[in-house]
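Some notes on the structure that comes next.
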Amino acid sequence: MILVTGGAGFIGANFVLDWLAQSDEGLINLDKLTYAGNRENLAALAGDPRHIFVHGDIGDRQLTSRLLSQHQPRAIINFAAESHVDRSIHGPEDFIQTNIVGTFHLLEAVRGYWSSLRDDARQGFRFLHVSTDEVYGSLAREEAAFSETHRYEPNSPYSASKAASDHLVRAYHHTYGLPVLTTNCSNNYGPYHFPEKLIPLMIVNALAGKPLPVYGDGQQIRDWLYVRDHCSAIRRVLDAGRPGETYNVGGWNEKPNLEIVHTVCALLDELRPRADGKPYREQISYVTDRPGHDRRYAIDARKIERELGWKPAETFATGIRKTVQWYLENQDWVRNVQSGVYRAWVEKNYGARQP
Ligand code: NAD
Ligand code: DAU
């Protein structure tokens with residue numbers, strides 16, 4: 001079996017659901033269930049013996065060591081992290097604790113377990129660390145997309161903490177020979193995306209008749225990838241990636257934020273028109289920019305395509321339509337994640353931003 005961390009979050013839950021839809025290999029899902037972790041994302045697996053959910057922290061070395069020796073997984077996929085840039089600006093400490101200290105403790109537990117394995121199991125073992133393109137910093141409009149050799153230049157507490165975790169993972173390979181793989185992926189979107197991030201926030205606010213808060217001039221560029229394509233890339237890297245290597249994963253879909261918001265509005269105009277017949281884009285409101293806002297990310301995904309034959313299956317047009325439809329069909333899920341804690345976050349992040 002495999003061990004997945006953070007498998008109740010957005011990408012982790014999509015990964016777990018896809019994994020068990022395609023394979024009978026079981027998995028242990030270790031998740032702390034922070035505000036971003038939601039067992040409802042995994043409701044389809046209720047009673048499935050292939051899925052063992054464990055509520056716990058990657059930083060709890062006793063717990064992870066026990067899980068490893070009890071279940072003897074052949075691989076670990078580390079999704080667990082604090083993942084939201086704006087939250088890292090308001091309060092970086094959780095990011096340091098989970099993304100850096102937590103990853104360190106997990107690596108130590110894994111090193112102990114891996115060292116105890118027989119030769120063949122040691123060689124076949126993999127630790128796959130899921131990281132982000134944000135570790136590379138920000139690109140000017142004319143600069144080439146991030147390749148795997150681009151220098152690390154993280155700009156937010158979030159990206160700095162992810163960069164630190166990437167370095168730790170790399171060092172455990174270089175120093176101890178731990179067979180690690182790292183993926184650095186661009187912006188994901190799709191089902192189960194928590195509505196603090198751009199795309200789900202815009203869908204949810206639009207339907208609720210609330211303002212659509214665009215930071216700054218809305219011309220920041222992100223490279224969007226449908227989440228299930230990210231999951232297929234991770235499976236491919238786990239199967240065939242070379243230990244010690246990093247693979248950039250992206251959708252070749254660079255778009256300014258304002259265009260994303262316009263696309264979401266146009267889809268909602270078509271699929272769920274406003275009662276007053278007016279276009280949703282009338283709800284757009286320009287608000288104070290994110291401090292230190294990275295201007296552009298773009299992923300050069302040629303290495304994973306060349307070496308491992310991976311390419312995304314969705315275009316942005318197909319993926320965003322599926323996403324908007326999913327939110328329209330899962331309004332209960334949306335209501336359930338909009339707890340008091342969620343509302344407090346919205347007030348904290350948007351209350352002080354001037355329109
Ligand atoms: P998310 O915030 O939706 O989910 C994170 C999950 O990790 C949650 O279920 C949470 O409960 C769990 N978690 C947090 N701290 C934990 C801890 N200490 N121990 C155990 N579990 C813990 O995040 P996501 O968007 O699904 O991102 C998953 C991973 O992918 C992260 O490492 C992130 O940096 C990376 N990533 C995300 C994107 C993106 O666009 N969302 C893109 C590239 C890389
Ligand atoms: O690039 C990969 C990264 O993508 C991941 O590592 C992160 O975990 C993930 O959260 C995401 O980071 P971003 O900061 O790019 O995502 P976010 O959805 O927060 O914002 C996307 C863009 O939209 C960014 O330029 C900020 C802008 N934005 C965001 C919000 C929430 C707005 O204009 N208004 C908003 O209300």
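Measuring from centroid to centroid over Cα atoms, what is the spacing of region 291-352 and region 215-232 in Å?
Using only Cα atoms, the two centres lie 7 Å from each other.
Per DSSP H run of n ≥ 4, the term is -39500 (n - 2.57); total these for the chain, divide by its residue number, and report the mean residue ellipticity at 222 nm rounded to 500 deg cm²/dmol.
-12500 deg cm²/dmol
For the chain, how big is the tail of P(r) above 33 Å, as a whole percent of Cα pairs?
Here the long-distance tail beyond 33 Å is 25 percent of all Cα pairs in the chain.
Gap in Å between the Cα centre of region 246-278 and the Cα centre of region 13-40?
With region 13-40 and region 246-278 each reduced to a Cα centre, they are spaced 27 Å.
So which of 162/348; 32/303; 322/348; 210/311; 162/197; 278/311 end up more than 29 Å apart by C-alpha?
Beyond 29 Å between Cα atoms: 32/303; 322/348; 210/311; 278/311.
Counting only heavy atoms of protein chains, what accessible area per residue, in Å², does region 168-208 have with a probe of 1.4 Å?
Normalised by residue count, the accessible surface of region 168-208 is 28 Å².
Alpha carbons only, please: Rg and Dmax for region 257-329, in angstrom.
Rg, Dmax (Cα atoms, Å): 16.7, 52.
Can you give the translational diffusion coefficient of region 228-355 in µm²/s, computed by Stokes-Einstein from the Kirkwood radius over Cα pairs at 20 °C and 1.002 mPa s?
Calculated translational D: 119 µm²/s.
Between residue 77 and residues 5 or more places away or on another chain, which pairs have amide H atoms under 5 Å apart, with H built 1.01 Å from N, and which residues are they?
Placed amide hydrogens put 3, 4, 5, 128 under 5 Å from residue 77.
Could you tell me which of 113, 195, 158 has its Cα farthest along the dipole of region 109-260 towards the positive end, charges placed at Cβ (Lys, Arg +1; Asp, Glu -1), taken about the Cα centre?
113
Return the distance in nm (one decimal) between the two label points of a simple spin-label model at residue 143 and residue 22, each offset 7 Å from Cα along Cα→Cβ.
Going by the 7 Å Cα→Cβ label model, 3.2 nm.
Quick one: which residues, 5 or more positions from residue 187 or on another chain, have an amide H under 5 Å from its amide H? H modelled 1.01 Å from N in the peptide plane, none for Pro or chain starts.
Excluding prolines and chain starts, which carry no amide H, the hits are 223, 225.
Could you tell me which of rounded, prolate or oblate describes region 191-235, using a ≥ b ≥ c as the square roots of the eigenvalues of the alpha-carbon gyration tensor, with rounded for a/c under 1.5 and, failing that, prolate when a/b is larger than b/c and oblate otherwise?
Cα axes put region 191-235 in the oblate bin.
Between residue 328 and residue 346, what is the spin-label point distance in nm, taking each point 7 Å from the Cα along the Cα→C-beta axis?
2.1
With +1 on each Lys and Arg Cβ and -1 on each Asp and Glu Cβ, how big is the dipole of region 11-100 about its Cα centre, in debye rounded to the nearest 20?
Magnitude of the dipole: close to 260 debye.
How about region 122-218: which trypsin sites (Lys or Arg not before Pro) there are in a DSSP loop, with at most 14 other Cβ atoms within 10 Å of their Cβ?
141, 151
Between residue 296 and residues 5 or more places away or on another chain, which pairs have amide H atoms under 5 Å apart, with H built 1.01 Å from N, and which residues are they?
139, 221
What is the Å³ per residue value for the convex hull set by the Cα atoms of region 126-234?
Once divided by residue count, the hull of region 126-234 is 125 Å³.
Using the C-alpha gyration tensor of region 185-266, what are the square roots of 5 times its eigenvalues, in whole angstrom, with the largest one first?
They are 29, 14, 9 Å, listed largest first.
According to a simple spin-label model (label point 7 Å from Cα along Cα-to-Cβ), what is the distance in nm between residue 274 and residue 116?
6.1
Determine ³J(HN,Hα), in whole Hz, for all residues of region 192-200 in sequence, where each value follows from phi through the Karplus function 6.51 cos²θ - 1.76 cosθ + 1.60 and θ = phi - 60°; x replaces Gly and Pro.
Result, rounded to whole Hz: 6, 6, 5, x, 9, 8, 3, 5, x.
The values are calculated or read from the model by the stated rules, or taken from the named source; none is laboratory data. Just so it is clear, the model here is predicted, and its values are computed rather than measured. Quick reminder, even Gly has a Cβ in these numbers, built from the backbone with ideal geometry, and neighbours come from all protein chains shown. These area figures cover heavy atoms from the full protein model, side chains too; ligands, DNA and RNA do not enter into them. Shrake-Rupley method; radii C 1.70, N 1.55, O 1.52, S 1.80 Å.
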